[in-house]
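Structure first, commentary second.
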Amino acid sequence: MTASKLPRKHLFNLPEGVIYLDGNSLGPLPKGVIERAGHVIAEEWGRELIKAWNTADWISLPQRVGSRIAPLIGAPAGSVATGDTLSIKVYQALAAALKMRPERRIILSDSGNFPTDLYMAGGLIDVIGKNYELRTPAPEDVFDAIDDTVAAVLLTQVDYRTGRMHDMNTVTRKAHEAGAVMIWDLAHSAGAVPIDLSGCGAEFAVGCTYKYLNGGPGAPAFIYARPDIIENVKPALAGWMGHDAPFAMELGYRPAMSTERLRVGTPPIVQLSILDQALDAWEGVDMADIRAASITLSERFIAEVGARCPGLALVSPRDPALRGSQVSFAFEHGYAAIQALIDRGVIGDFRAPNIMRFGFTPLYLDEDDVVRAAEIIGEVIDGQLWDDAKYRTVSRVT
Ligand SMILES: *Cc1c(COP(=O)(O)O)cnc(C)c1O
């Protein structure tokens, strides 16, 4: 399809009067999801009861959904498993990577990574207890920090705060030249930018599905392992759903001979069904068209906001080739400003300490939305409409 066939707003239930610039954090409700979830709950669970594992084929749903995510991230069929949360998948990929380089002790990430990735690495180090070290140089220094002491490089491609992108190909090549295992976190990439996992050759990739893929709050995560290594990957969390024959009920663990070995326990069927339905919106979509449309939207946004609000400092890369599908501005009163915007129907979000973040999702946004949002941002900033006590109370979720 061509970019002119975007957006596909008619495939989403977007509330009237809202310009949603937060689909990078929680995608909106795709049409058909309410019916699908209702059907799974009322008909499949309600009437079929436990038979539904077979009659509604719940048992193969994790694989079916994985095989729909694979083409969106440039991965071959059968190489993507779904389930659990991204934090768990980071832990699993990292644990497997460290086993592949038993003589090395360094985990290399960067200080721009999402906190949970770093916390999971720290927690894993505590469990293993063998002088492992987590290094977190600044994102721009991480390339030069890759050397032959590094066991695993764990990076998030698109920085959640600024949208700055690592180049997956060059970083993976350097990691491999140094003999390290490469793990990419695609949380802000899947459904946002074209990804060629096969081409870049990384051993592992992980990501979540409630951001650009619109799978709903708490939707299951995904994990990719390069097909040629999977039979030697040691799952850190050896659950029965990763066993070669779960219903043989063997006393010993024998991992499946596919990416399925990276599954853990019983899959969340209702949530997976919702994700399966949400993925319909991606049918026939070329990620190159999404990328082109995303750049058009974000460039227009930067120009429009820049012209209206000289006091907002762009913290995303100015070159669209270096940024993902989001634009962030630093502003001292960013939290209050975002609350004032939400009050006026422009939904973005705030990331500590001072970042106003806006995501661009060409499936359901067009240039008119972006210009209108910029106008409202201009009114809020220029008129200091954020300077109101009701916008200063910080909620638990920002
Ligand atoms: C959103 C995000 C997460 C969230 O992990 P959950 O386990 O799904 O809560 C983790 N890592 C990155 C890089 C993210 O952007």
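Just a few scattered comments:
- Residue in the stretch 60-79 that is surrounded by 20 or more Cβ atoms within 10 Å (Cβ to Cβ), touching a residue at least 24 places away in the same chain (Cβ under 8 Å) and more than 21 Å from the chain's Cα centre (by Cα) present: no
- Failed criterion for ALA293 (all others in (1) touching a strand residue (DSSP E or B) at 6+ places or on another chain (Cβ under 9 Å); (2) under 24 Å from VAL18 (Cβ atoms); (3) of a type outside the set (D, E, K, R) hold): (1)
- Which numbered condition LEU275 misses (of (1) assigned to a loop (DSSP other than H, G, I, E, B); (2) buried (at least 22 other Cβ atoms within 10 Å of the Cβ)): (1)
- Of the residues making up the stretch 86-101, those that are part of a helix (DSSP H, G or I), away from the ligand (no atom under 15 Å from the Cβ) and surrounded by fewer than 19 Cβ atoms within 10 Å (Cβ to Cβ) are LYS99, MET100.
- Residue count, the stretch 219-249 (criterion: in contact with a Lys or Arg (Cβ under 7 Å, 6 or more places away or on another chain), surrounded by 22 or more Cβ atoms within 10 Å (Cβ to Cβ) and small (Gly, Ala, Ser)): 2
- Any hit, the stretch 238-259, residues being within 16 Å of the ligand (Cβ to nearest atom) and in a loop (DSSP other than H, G, I, E, B): no
- Residue count for the stretch 111-161, restricted to those that are charged (D, E, K, R), within 16 Å of the ligand (Cβ to nearest atom) and more than 18 Å from GLU203 (Cβ to Cβ): 2
- Looking across the stretch 270-297, the residues that are within 19 Å of the chain's Cα centre (by Cα) and of a type in the set (S, T, N, Q) come down to GLN271, SER273, GLN277, SER294.
- Test result for PRO267, within 29 Å of ALA152 (Cβ to Cβ) and within 16 Å of the ligand (Cβ to nearest atom): yes
Values quoted throughout were computed directly from the atomic coordinates according to the rules given, and no laboratory measurement underlies them. This is a predicted model, so every value here is computed, not measured. Methodologically, a virtual Cβ is constructed for each residue, glycine included, from the backbone with ideal geometry; neighbour enumeration extends over all protein chains shown.
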